[in-house]
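Comments concern the structure below.
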Amino acid sequence: MRSKDYVNLGMVGSGMMGRYHSVAYSTIPVMFDTSIRIKKKVIADANEELAREAAERLDFEEWVASWQDLIGRNDVDVVDIVTPNDLHAPIVCAAAAQKKHVICEKPLALNLEQARAMHEAVSRAGVKHCVSFNYQKTPAVLHTKKMIENGKLGRIFHFRGQYLQDTGINPLTPIGWRHQSSRAGSGSLGDTGSHVISLAHFLLGSIREVTAMSETFITRRPVGDSDGEVDVDDAVSFLCQFEKKALGIFEASRFCTGRKNRFSFEINGSEGAVFFDWERSNELLFCNASAATSEQGFTRTVIGPSHPYGGALQRIPGIGMSYVDTVAIMLYEFLQSLFDRGKPHPDFSDGVAVQAVMEAVQRSASNKCWEKVCY
Ligand code: NAI
Ligand code: SOE
């Protein structure tokens, strides 16, 4: 039997992404042909009660009442940060100083300056790092990347990316950390727009400049018997030009009645085009521009075993993959990198690049003019 590569995991936070990351870790030794074994060693949350409950629910051996108690432990190799955005920077920097490898949820930071400091901290410490833009690991997206690299789309003219949800529409939804700039950095821009930007970077490369607009449609929301200010964007749209000259249109909004998780993109090139929508994440539409004009149009491919990671995660053709599978692929690649098998991707340099675009978008929305992206 092959010897095992053990990794001791420490997790901070146990909310929505704490759950998904936990399930994804359990998926890895079961579905991938790998020697990696993950020990869910210790979990921290905001207080003792939350941490104890989290350890029980997510099956960690131990809990501690604060993240400071977790990062100093000798029996933790990797720190996985699944907290609100304002805690990413302090935990990353402290964990790196303790020589822990780190996975951090997106967006990397509250702002560009903070993101750069985090990248510097992990680079100085010589630890491995990954930022959780997991949608890049969607098999349909990985397949699109291959098509672009193989010239199937030819010269790229357009990228049209959207992340549309309806989570903000109810004015009675109480204020949460996602509505506060001190905790989130930005609103729909960082929360969902960052996924679109990271995907555009992955597929098309750097963005030269942007022109943006944003709006907060509901400026006060309930907090207990009172209400509080929403000081982040509810929706943002921007145009951009990529370094390679392609033109981009982006939109992220929490106010899209009828849309749940419409993370979609269309790319039009000289040889072909693709269209993808996360609400139909097991399908990729492709138009081959070399086909006879009378037969040209988008045709549907069902993602399956012959697509990236299909062998591991879609052993039955057409069975489909899930959101948690994208997280599992990302974490699997990250853990492999700890044993010098491949590089973690996306890493903090990608997180910084996304943050640079977001900063240019915010500048443009407030100055009402084109702004260069300062990577
Ligand atoms: P959440 O609010 O559901 O969970 C946050 C967790 O952090 C809770 O367990 C909370 O008690 C804990 N926490 C708060 N303060 C803490 C402290 N001082 N010390 C330790 N733990 C503390 O939030 P959610 O939705 O899980 O988001 C967490 C992160 O994941 C965010 O950065 C968010 O942007 C990102 N996210 C990423 C997604 C993706 O698709 N990659 C999806 C959803 C969220
Ligand atoms: C917001 O509603 C949210 O949960 C984001 O925080 C995630 O990043 C996205 O994957 C789904 O939507």
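Screening residue 307 against (1) in contact with a Gly (Cβ under 7 Å, 6 or more places away or on another chain); (2) surrounded by 15 or more Cβ atoms within 10 Å (Cβ to Cβ); (3) in a loop (DSSP other than H, G, I, E, B) leaves a single unmet condition, (1).
Comparison of 294, 290 shows that the only residue that is in a loop (DSSP other than H, G, I, E, B) and of a type in the set (Gly, Ala, Ser) is 290.
Please specify each residue of the range 302-355 satisfying the condition of being among the small types (Gly, Ala, Ser), farther than 21 Å from residue 190 by Cα and in contact with a strand residue (DSSP E or B) (Cβ under 6 Å, 6 or more places away or on another chain).
The one that is among the small types (Gly, Ala, Ser), farther than 21 Å from residue 190 by Cα and in contact with a strand residue (DSSP E or B) (Cβ under 6 Å, 6 or more places away or on another chain): 318.
Checked against the criterion of being surrounded by 14 or more Cβ atoms within 10 Å (Cβ to Cβ), among the small types (Gly, Ala, Ser) and more than 16 Å from ligand 1 (Cβ to nearest atom), the candidates 312, 252, 328, 291 yield just one match: 312. One residue stands out in the range 59-89 among those that are of a type in the set (Asp, Glu) and within 16 Å of ligand 2 (Cβ to nearest atom): the one that is farthest from residue 126 (Cα to Cα), namely 86. Which of the residues that make up the range 115-129 are assigned to a helix (DSSP H, G or I) and under 14 Å from residue 103 (Cα atoms)? Matches in the range 115-129: 115, 118, 119, 121, 122, 123.
Within the range 11-45, how many residues are of a type in the set (Lys, Arg) and either modelled with pLDDT under 95 or surrounded by 18 or more Cβ atoms within 10 Å (Cβ to Cβ) (or both)? Give the derivation first.
So in the range 11-45, the residues of a type in the set (Lys, Arg) come out as 19, 37, 39-41.
Those left that are additionally either modelled with pLDDT under 95 or surrounded by 18 or more Cβ atoms within 10 Å (Cβ to Cβ) (or both): 40-41.
Matching residues across the range 11-45 total 2.
Of all residues in the range 140-159, none satisfies being within 13 Å of ligand 1 (Cβ to nearest atom) and not aliphatic (A, V, I, L, M). In the set 204, 164, 189, only one residue is touching a strand residue (DSSP E or B) at 6+ places or on another chain (Cβ under 6 Å) and within 11 Å of ligand 2 (Cβ to nearest atom); that residue is 164.
Out of all the residues in the range 30-47, which are out of contact with any strand residue (DSSP E or B) (no Cβ under 6 Å at 6 or more places or on another chain) and not polar (S, T, N, Q)? Scanning the range 30-47 gives 30, 31, 32, 33, 45, 46. Has the range 131-145 got any residue that is crowded, with 18+ Cβ neighbours inside 10 Å, not in a helix (DSSP H, G or I) and not polar (S, T, N, Q)? Yes, the range 131-145 contains a residue that is crowded, with 18+ Cβ neighbours inside 10 Å, not in a helix (DSSP H, G or I) and not polar (S, T, N, Q).
Listed by position, the strands (runs of 3 or more DSSP E) enclosed by the range 1-110 that each have at least 3 residues that are away from ligand 1 (no atom under 15 Å from the Cβ) and either farther than 18 Å from residue 134 by Cβ or small (Gly, Ala, Ser) (or both) are 5-12, 36-44.
Within the group 113, 48, which residue is surrounded by fewer than 24 Cβ atoms within 10 Å (Cβ to Cβ), without any contact (Cβ under 8 Å) to a residue 12 or more places away in the chain and out of contact with any Lys or Arg (no Cβ under 8 Å at 6 or more places or on another chain)? Step through it out loud before you land on a result.
On the way: 48 fails: without any contact (Cβ under 8 Å) to a residue 12 or more places away in the chain.
The unique qualifying residue is 113.
The values are calculated or read from the model by the stated rules, or taken from the named source; none is laboratory data. Note that the coordinates shown come from a computational prediction; the quantities given were computed from them, not determined experimentally. Glycine gets a Cβ as well: all are built from the backbone with ideal geometry, and neighbour counts include every protein chain shown.
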